[in-house]
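> Dropping a structure here in C-alpha cells format, bear with me for questions.
The values are calculated or read from the model by the stated rules, or taken from the named source; none is laboratory data. As the structure is a prediction and not an experimental result, all values here were calculated from the model. Using ideal geometry, Cβ is built from the backbone for each residue, glycine included, and neighbour counts are taken over all protein chains shown. The protein model used for the area step is the full one, side chains on, heavy atoms only, and it has no ligands, DNA or RNA in it. Shrake-Rupley method; radii C 1.70, N 1.55, O 1.52, S 1.80 Å.
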Amino acid sequence: MDCRLTEEQELLRRTVREFAETEIRPHVRDWDQDQHFPTELMPKLAALGLLGIQFPEQYGGAGMTAVDYCICIEELARVDPGVALSVAAHNGLCASHIALFGSEAQKQAYLVPLARGEKIGAWGLTESTSGSDAAGMRTTAARAGACWVINGSKTFTTHGRVGDVMVVMAVTNRAAGAKGISAFVVERGTPGFSPGKKEDKLGMRASDTSEVLFENCRIPADQLIGEEGQGFVNTMQVLDAGRIGIAALAVGLAQGAYEAALNYARERKAFGRTITSFQAIQFKLADAATKIEAARLLTYRAAYLKQQGQRTTLESSMAKLYASEIAVRVADDCVQIHGGYGFVKDYPAEKYFRDVKLTTIGEGTSEIQRLVIARQLLSR
Ligand code: CAA
C-alpha cells in the first residue's frame, strides 16, 4: 500500500495553493464581509480546470482523478472555504449529476459549458420543510404534453442566484415515494424559474446561497435527467461522491486553521516565552495535526475507491463525518490558541470558526452520515 501522492499530484497541490494564495487570499476578508460571490474569479478558476476537475476532456473537463479533486478542494478551502464550497457544489453536485445520468445531448448542451466554466451550476434538493428527509420534498413536476411543468421551491441552494444551469429534483409520482422523484435540468431565464431570498449566513459567505422558486415553470420533456422516478436514487449516488468533496473541504479548512494557529503561536509571547514552548499549546497542535492526517487518509481512501469504480456510500459518509467533526474541533482550538485575537476579524481564526459549521450540515448532517454508516454496516 502506497499512501504517497504522485509527483504530478504534488505539483497540482503546489499549483492550486499558489493560485489560492495569489488570487484568493487578498480578498478573503472583503468577500466574507460583503457576502460577495466572486464572479470575477470564475474565469481564473476555469483556466486552471477547477470548474471541470473530474470530467473527461471530451466534455470540456480537466480529466483529473477523484484524489486530484480532493487536492484541489483542500487547497481552495485552506485559504477560503467559501470559494471551495462553490467549486464543490458546481463540480460535485450540478455538473456531476449531468455527467453521471444525463443523455449525450444533455452533456453536450450543459456539461460542456459547465466544465469549461462558461456557466455556473446549481443543484436543488433541499426544501424549507425537507432537509435530512430529502424524499419528503413537495416540489412537483407534472407532465403536460411535450413539457414538464414544475411548481414549488428549493431552499439553501448554492448558486441559487448566480447559477446559469440548475439540476432540480421534483415529485413526479407522489404515491411512489422515493421512487416517484425525478431530476430535471433548468436554465436561467426560463419563465417561471426565479431566485428567491438570498441567505445572510454565519459563514461560507463568499458562496451564494438562496431560495429558488418555480411557478408553472414549463420545460421541454427532454430536460428530464435519467429515468423518470430514478431522481432520488441518482441523487443519493451523486451525494456519495459529493460528500467526499465536503470531506476534502473540511480537511483543507482544518489545515488552514491549524497553520494559522501554528504561525500565531510561534510569534506570540507569554510569561517571557513564545507560547509554542507550553505543553498546553503543543498538545493542541499535536492533536490537530494528527486528526487532520487521519481525516485526509479517510478522504483519500474514499476517493481512491471511487476512482476504482466502487460504490463508496459507507466510505464517503465516514470521511465526511470524521473530517467535518474534527475540523470543528481544530477551528475551535485555532480560536483558543489565538486567545482574544481569535475573537476579532483581524486574524483568520474567527472566519474558520464560522465557516466550519457548514461542513457538519451541508450535503447531509453528521446525524445523517451516522444513519447512512449504520445502515451500511447493518445491511452486511
Ligand atoms: N446509492 C444507491 N441507491 C441508494 C443510495 C445510494 N447511496 N442511498 C439510497 N439509495 C436507494 C435505496 O436503496 C432505496 O431504494 P430501494 O427501496 O430500491 O432499496 C432508495 O434509494 C430510497 O432510499 P432510502 O429508503 O434509504 O431513503 P430515505 O428516505 O430513508 O432517505 C437518507 C435516506 C440517507 C436519509 C437521505 O434522505 C439523505 O441522504 N438525506 C440527506 C440529504 C442531504 O444530504 N441533503 C443535503 C443536500 S445539499 C443541498 O441541497 C444544497 C446545495 O446546494 C449544496
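> Name every residue in segment 189-202 that is farther than 29 Å from Phe353 by Cβ, surrounded by fewer than 15 Cβ atoms within 10 Å (Cβ to Cβ) and not small (Gly, Ala, Ser), in order of residue number.
Within segment 189-202, Pro191 is the sole residue that qualifies.
> Return the pair list, or none, for Cβ contacts closer than 6 Å from residues in segment 120-139 that are over 18 Å from Ala176 (Cβ atoms) and more than 9 Å from the ligand (Cβ to nearest atom) to residues that are open to solvent by 30 Å² or more (accessible area, probe 1.4 Å) and not basic (Lys, Arg), at least 6 apart or on different chains.
Ile120/Val162; Ile120/Asp164
Yes or no, residue by residue, for (1) more than 13 Å from the chain's Cα centre (by Cα); (2) closer than 22 Å to Arg296 by Cα; (3) assigned to a helix (DSSP H, G or I):
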residue	(1), (2), (3)
Leu12	yes, yes, yes
Glu23	yes, no, yes
Phe37	yes, no, no
Leu41	yes, no, yes
Leu45	yes, no, yes
Gly82	no, yes, yes
Val87	no, yes, yes
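> Turning to a different aspect of this structure: Within segment 98-122, restricting attention to residues that are in contact with a Cys (Cβ under 9 Å, 6 or more places away or on another chain) and in a helix (DSSP H, G or I), which residue is most open to solvent (accessible area, probe 1.4 Å)?
Result: Tyr110.
> Being closer than 27 Å to His36 by Cβ and either away from the ligand (no atom under 14 Å from the Cβ) or assigned to a helix (DSSP H, G or I) (or both) is true for just one of Ala241, Ala254. Which residue is that?
Ala254
> Determine whether segment 321-335 contains at least one residue that is assigned to a loop (DSSP other than H, G, I, E, B) and more than 16 Å from the ligand (Cβ to nearest atom).
The answer is no, given that none of the residues of segment 321-335 is assigned to a loop (DSSP other than H, G, I, E, B) and more than 16 Å from the ligand (Cβ to nearest atom).
> Only one of Glu10, Glu21, Glu57 is open to solvent by 70 Å² or more (accessible area, probe 1.4 Å), of a type in the set (Asp, Glu) and under 23 Å from Gln255 (Cα atoms); which?
Glu10
> Across segment 203-247, what is the number of residues that are among the β-branched types (Val, Ile, Thr) and either over 27 Å from Ser317 (Cβ atoms) or surrounded by fewer than 22 Cβ atoms within 10 Å (Cβ to Cβ) (or both)?
Selection size over segment 203-247: 2.
> Next question. Please work out which one of (1) away from the ligand (no atom under 16 Å from the Cβ); (2) within 21 Å of Leu51 (Cβ to Cβ) is the condition Trp148 fails and give its number.
Of everything listed in (1) away from the ligand (no atom under 16 Å from the Cβ); (2) within 21 Å of Leu51 (Cβ to Cβ), Trp148 misses just condition (2).
> Name, by its number, the condition in (1) more than 12 Å from the ligand (Cβ to nearest atom); (2) in contact (Cβ under 8 Å) with a residue 24 or more places away in the chain; (3) part of a helix (DSSP H, G or I); (4) of a type outside the set (D, E, K, R) that does not hold for Gly61.
(3)
> Exactly one of these conditions fails for Thr299: (1) closer than 18 Å to Gly256 by Cβ; (2) surrounded by fewer than 23 Cβ atoms within 10 Å (Cβ to Cβ); (3) within 20 Å of the chain's Cα centre (by Cα). Give me its number.
(2)
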